[in-house]
Amino acid sequence: MGEASNSLHDIVRTLVQRGERKILFDMADVSYIDSSGLGELVSAYTSVRKEGGDFKLARLGTRTHDLMRITRLNTVFEVFDNDTPAIISFAS
């Protein structure tokens, strides 16, 4: 996931610098994630939270969902089955 994780880092940094504080990462097209990718997700989450924002995940594939459960990262991230409830959750 090397190049993709660098892209995630750059995108999140840019969004935070622009003042975006509510970030939803749609993972529908992510078929594989390794420890480096998980680290980037945690780093993104931490960066956004440090700025008073919220970083949520939506539409995880079965393998990614299982990995999040095994690593217990599902206790860190708010994870949604689809985008609509995730977006609505930012309002509350």
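Values in this text are rule-based calculations from the coordinates and carry no lab data. The structure presented is a predicted model; accordingly, all values stated were derived computationally and were not measured. Note that each Cβ is placed from the backbone with ideal geometry, even for glycine, and that neighbours are counted across all protein chains shown.
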Reported set for region 75-92 where residues are closer than 19 Å to VAL16 by Cβ and either outside any helix (DSSP H, G or I) or out of contact with any strand residue (DSSP E or B) (no Cβ under 7 Å at 6 or more places or on another chain) (or both) is VAL76, PHE77, GLU78, PHE90
For region 19-41, pairs from a residue that is closer than 15 Å to LEU8 by Cα to a residue that is loosely packed, with under 13 Cβ neighbours inside 10 Å, with Cβ under 7 Å and 6 or more apart or across chains, are SER36/GLY2
Scanning region 57-91 residue by residue, the ones that are farther than 12 Å from MET27 by Cα and among the aromatic types (Phe, Trp, Tyr) total 2
- [ ] Report whether or not ASP81 is among the charged types (D, E, K, R) and without any contact (Cβ under 8 Å) to a residue 24 or more places away in the chain.
- [x] yes
